[in-house]
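Working notes, beginning with the structure itself.
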Amino acid sequence: KRVRLYWDVAVVQAKYAIFLQYSAALSEVFPVVLARWNEPGMAEEMLRLQAYRRTGDAALQDIHLEMVEKAFTLLEATPNSNGIQAVATTLPYAGEYDTKWTEVKTQLPYSAQPVVSRVVCQIPSTYAALCQKGLALLAADQSRILDAGQFAGGQQPLGSFLNAIHLECETWQEFVELVGRYNQFIADYVCLVRPDLDENAFLRAIGISRN
């Protein structure tokens with residue numbers, strides 16, 4: 001349970017950082033719009049920008065509250081925490097994970113194999129989705145950069161650029177949520193096939209370091 005809570009905290013911390021970057025990206029657009037204020041349609045574009053910014057700021061506050069709540073939930077589940085607020089310091093693993101299932105299966109009782117097999121299927125499937133989401137994120141970033149240049153050069157309206165910023169923010173969130181799910185599947189697998197591990201050995205096995 002605490003591992004699940006830990007990855008929940010890691011994901012929400014990452015999402016908070018994403019929203020900070022999103023807010024900063026929108027802030028950088030304001031001076032450009034003001035500099036072109038006399039151009040037709042800029043007053044309407046400013047209203048659109050303000051709507052995006054206010055919505056982003058509201059989302060930032062929501063995710064900050066969620067981050068605090070999840071951190072306290074992890075704190076309450078952690079013995080000997082001395083009241084120090086929980087912070088996820090280990091980056092989630094995003095590489096390919098080898099379950100060694102062919103070898104491991106021979107060492108498990110037959111009754112346990114169906115449950116473990118389900119997780120074994122989830123791990124590579126989630127990794128494949130993670131790879132695709134990473135490619136989508138790269139494309140979204142390149143699209144934002146291209147749209148930024150075209151907007152700065154007066155080749156397209158602000159709305160297209162704002163949509164590109166928003167798309168990258170959403171894709172980042174989906175990516176980190178998928179990474180968190182992937183790491184939880186790995187933890188579930190290790191827990192099922194190595195129930196003999198003590199807590200420290202288990203954390204090392206799933207890549208969580210203790211500071």
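Let a ≥ b ≥ c be the square roots of the eigenvalues of the Cα gyration tensor of the range 17-106; is it rounded (a/c under 1.5), or, if not, prolate (a/b larger than b/c) or oblate?
In terms of gyration-tensor shape, oblate.
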Problem - Estimated [θ] at 222 nm from DSSP helical runs (n ≥ 4, -39500 (n - 2.57)) normalised by residues in the chain, nearest 500 - result: -26000 deg cm²/dmol
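Check the range 11-158 and count each lysine pair with an alpha-carbon distance under 28 angstrom, considering only pairs eight or more places apart or from different chains.
4
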Practice task
Report the full-extension gain for the segment Glu28 to Gln61: residue separation times 0.36 nm, less the Cα-Cα distance, to one decimal in nm.
Solution key: 9.9 nm
Fill in the blank from the handout: For the chain, longest principal axis from Cα atoms; helix 2-27 axis from its Cα atoms; angle between them, nearest 10 degrees, is 10 degrees
Fill in the blank from the handout: Honestly the range 91-211 on the Cα gyration tensor test (a ≥ b ≥ c root eigenvalues; a/c under 1.5 rounded, otherwise a/b vs b/c for prolate or oblate) is just prolate
Practice task
Report the calculated FRET efficiency for Val115 and Thr90 (r = Cβ-Cβ distance, R0 = 30 Å), to the nearest 0.05.
Solution key: 0.70
Fill in the blank from the handout: Applying the gyration tensor rule to the Cα atoms of the range 60-151 (axes a ≥ b ≥ c; rounded if a/c under 1.5, else prolate if a/b exceeds b/c, else oblate), the class is oblate
Completion exercise
Output for the range 1-66: GluC sites (Glu not before Pro) sitting in coil per DSSP, at most 14 other Cβ within 10 Å, listed by number, reads Glu28
Handout entry: Rel. contact order, % - alpha carbon contacts under 8 angstrom, at least six apart, the range 54-211
Key = 27 percent
Problem - Furthest towards positive pole of dipole, Leu167, Trp101, Ser111, structure part the chain, Cβ charges - result: Ser111
Problem - Extension gain from Leu47 to Gln142, taking 0.36 nm per residue of separation minus the Cα-Cα distance - result: 31.6 nm
Completion exercise
Whole-percent carbon and sulfur contribution to the accessible surface of the range 85-147 (1.4 Å, no ligands, DNA or RNA) stands at 59 percent
Exercise for the section: Towards the positive end of the charge dipole of the range 32-182, with charges on Cβ (+1 Lys, Arg; -1 Asp, Glu), say which of Ala136, Gly56, Gln150 has the farthest Cα. Expected result: Ala136
Problem - Within the chain, longest stretch free of exposed trypsin sites (Lys or Arg not before Pro) [DSSP loop, at most 12 other beta carbons within 10 Å] - result: 101-209
Handout entry: Test item: Cα-centred dipole of the chain, Lys/Arg +1 and Asp/Glu -1 on Cβ, debye
Key = 440 debye
Exercise for the section: Against the globular-protein guess of 2.2 N^0.38 Å, express the Cα radius of gyration of the chain as a ratio, rounded to two decimals. Expected result: 1.30
Practice task
For the chain, find the longest principal axis of its Cα atoms and tell me its angle to the long axis of helix 113-152, 0 to 90°, nearest 10.
Solution key: 20 degrees
Practice task
Could you pull out the GluC sites (Glu not before Pro) across the range 91-174 that fall in loop regions by DSSP (anything but H, G, I, E, B) with no more than 12 other Cβ atoms inside 10 Å?
Solution key: Glu96
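How about the range 22-104: which chymotrypsin sites (Phe, Trp or Tyr not before Pro) there lie in a loop by DSSP and see at most 11 other Cβ atoms within 10 Å? Kindly include the intermediate steps, with their values, before the conclusion.
On the way: sites: Tyr22, Trp37, Tyr52, Phe72, Tyr93, Tyr97, Trp101; in loops: Trp37, Tyr93, Tyr97.
Sparse-neighbourhood loop chymotrypsin sites (Phe, Trp or Tyr not before Pro): Trp37.
The values are calculated or read from the model by the stated rules, or taken from the named source; none is laboratory data. The structure presented is a predicted model; accordingly, all values stated were derived computationally and were not measured. FYI the Cβ positions are ideal-geometry reconstructions off the backbone, even for glycines, and counts take in every protein chain you see. These accessible areas exclude ligands, DNA and RNA; they are computed on the full protein's heavy atoms, side chains included. Shrake-Rupley method; radii C 1.70, N 1.55, O 1.52, S 1.80 Å.
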